[in-house]
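Readers should treat all values here as calculations from the given coordinates under stated rules, not as data from a laboratory. Just so you know, these numbers come straight off a predicted model, no measurement behind them. No Cβ is skipped: glycine too gets one built from the backbone with ideal geometry, and neighbour counts run over all protein chains shown.
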Amino acid sequence: MVIVVGGGISGVACAGELNARGIAVELLDRGHKLGGRMASRVIRDSGTEYDGHVVDIGASYFTASAEGFRAVVDDWQVRGLARVWTDSFHLATPQGVAGVRAGPMRYAAAGGLRSLVADVASRLPSTRITSNHSVEVVSFANDYLIVDGKPVAAVALCMPDPQARAILDSKSPELQATIEATCGVVWEPTFAVTAVFQNPCWVPFDGVFVNDDEILTWIANDGSRRGDDAPVLVAHVNPVLAAGHLADPAAVIPSVLAALQRILALTEQPVWVDIQRWTYAKPLNAWADECYLDGDVNIGLASDAWAGGPRVETAWQSGAALGKRIAERLAYPA
Ligand SMILES: Cc1cc2nc3c(=O)[nH]c(=O)nc-3n(C[C@H](O)[C@H](O)[C@H](O)COP(=O)(O)OP(=O)(O)OC[C@H]3O[C@@H](n4cnc5c(N)ncnc54)[C@H](O)[C@@H]3O)c2cc1C
């Protein structure tokens, strides 16, 4: 039995590769639902007709350039789970929208990005999944790797490095190399502010990259992303501002609403607002290697801090690579 800790996209990709090689997995996630940073929520009690609308409050979209992930996305599209969103976003300065930039095709999901992780998880043939389970400590004693007191053949930590570091027993000499491998990447925070309006009160757009603004970095039109045209915006807060308010995210909401008004020239105020904190939203840099597997102990790391990060598709690649490496290690022990 291999333990995968983390039920985001890298964790389910890792479990999939292990299962494909005949290795049973126990996947543990501390959230009440899988998905991690591919997070979606349902709007409730907004007093509008948009109650029930799903909104993406973590990753905004995903790209699909890596070959292995491309096949997964094709399958999601065929089954109606993923949809092409757009290849063009607007650009803005603090003064307002200033142009359009084309880029790679971006994909979204009608059921929210979380639904895609849930789909992969639901199709894992030999993975036992437990949500609401926080792993407290991974240690090493008497030649055994131990997860919360239970000896395991191998463990994959599929999550941001600081979260992995927090559960690695710093007193185990055998885990020092892994702890060190969690230390090379800097992570930045953000908050995602969801604003529901009675009507669309902006010039049509899909998404806006906001440059040089002290409050916002990005605004998504969630109705366009979802394909139902609901008047719902999601704004991401400048990491510097977020870093200063990790203990009180709600304090930035007035500034965020003022920035939305300023940049998009809104003609109405939102009727419902919510905020989601992401302490470890994205790695600022990333390792070129796809994942980490310790040379001596069967413990590995995967996330968007690997494979060139910081994207959904690199997290997938990282998790899949770790699953393969652990399977090879268990089949051919050193
Ligand atoms: C606001 C925001 C915007 C983003 N925008 C984009 C974008 O537009 N495009 C893009 O490609 N990427 C984007 N990303 C990045 C993308 O979301 C990530 O690259 C990807 O989702 C990472 O997946 P992961 O599985 O590696 O990690 P995560 O999704 O973080 O999963 C880690 C999981 O581990 C669990 N966990 C942690 N500690 C424990 C523990 N002790 N015990 C049990 N479980 C634990 C967590 O609950 C979580 O579910 C964005 C991220 C954020 C936050």
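What do you get for the angle between helix 67-78 and the principal long axis of the chain? Use alpha-carbon atoms, 0 to 90 degrees, nearest ten.
Helix 67-78 sits at roughly 60 degrees to that axis.
Among 285-292, 314-321, what's the highest-first ranking by average C-beta atoms within 10 angstrom per residue?
Top of the packing list down: 314-321, 285-292.
Over what distance in Å are the Cα centres of region 283-313 and region 210-246 separated?
One Cα centre to the other: 27 Å.
Any idea how far apart Asp148 and Gln176 come out in nm if each label point goes 7 Å out from Cα toward Cβ?
Calculated label separation equals 2.9 nm.
Between Val42 and Arg79, take the C-beta separation as r, use R0 = 22 Å, and let me know the FRET efficiency to the nearest 0.05.
Rounded to the nearest 0.05, the efficiency is 0.55.
Mind pulling up the Rg/Rh value for the chain? Radius of gyration and Kirkwood radius, both on Cα.
Rounded to two decimals, Rg/Rh equals 0.99.
Over the chain, what is the percentage of antiparallel beta bridges among all DSSP beta bridges, to the nearest 5?
70 percent
Quick check: residue separation of Ala98 and Met1 times 0.36 nm, minus the Cα distance between them. What number comes out in nm?
29.5 nm
What residues have an amide H closer than 5 Å to that of Ala109, excluding those fewer than 5 places away on the same chain, when H is modeled at 1.01 Å from N in the peptide plane?
Arg83
Hey, what do the phi angles of region 43-51 turn into as Karplus ³J(HN,Hα) couplings, whole Hz, using 6.51/-1.76/1.60 and θ = phi - 60°, x for Gly and Pro?
6, 9, 6, 7, x, 10, 6, 9, 4
Please list, by residue number, everything in region 252-268 whose backbone N is under 17 Å from a paramagnetic label point 7 Å out along Cα→Cβ of Asn199.
Only 265-268 fall inside the zone, counting backbone N under 17 Å.
How far, in degrees from 0 to 90, does helix 253-264 lean away from the longest principal axis of the Cα atoms of the chain, to the nearest 10?
Helix 253-264 sits at roughly 60 degrees to that axis.
Convex hull over the alpha-carbon atoms of region 114-195: what's its volume per residue in Å³?
Expressed per residue, the convex hull around the Cα atoms of region 114-195 is 142 Å³.
Lysines within cross-link reach of Lys282: Cα-Cα under 27 Å, excluding same-chain residues under 8 positions apart?
Straight-line reach from Lys282, under 27 Å: Lys33, Lys324.
To the nearest 10 degrees, how steep is helix 113-122 against the longest Cα principal axis of the chain, on a 0 to 90 scale?
Between helix and principal axis, roughly 30 degrees.
Say a paramagnetic label sat at a point 7 Å from the Cα of Val240, along Cα to Cβ; which residues of region 213-234 have their backbone N under 20 Å from it?
Only 213-219 fall inside the zone, counting backbone N under 20 Å.
Where both residues lie in region 2-149, what percent of DSSP beta bridges are antiparallel, nearest 5?
Percentage antiparallel, nearest 5: 70.
Could you work out the helix-only [θ] at 222 nm for the chain, with each DSSP H run of four or more residues adding -39,500 (n - 2.57) and the total divided by the number of residues, to the nearest 500 deg cm²/dmol?
One gets -8000 deg cm²/dmol as the mean residue ellipticity at 222 nm.
Could you quote the convex hull projected area for region 172-306, Cα atoms only and averaged over all directions, in nm²?
The number I arrive at for region 172-306 is 10.6 nm².
Could you bin all the Cα-Cα distances of region 229-334 into 5 Å bins starting at 0 and give me the percent of pairs in each, rounded to whole numbers?
Result, from short to long distances: 2, 10, 16, 13, 12, 12, 10, 9, 6, 5, 3, 2, 0, 0 percent.
Which aspartates and glutamates, if any, have their Cα less than 20 Å from the Cα of Lys171, not counting same-chain residues under 8 positions apart?
Hits, sequence-local ones excluded: Glu136, Asp143, Asp148, Asp161, Glu180, Asp294, Asp296.
Quick check: pseudo-label points 7 Å beyond the Cα along Cα→Cβ at Ala331 and Ala288, how many nm apart are they?
2.7 nm
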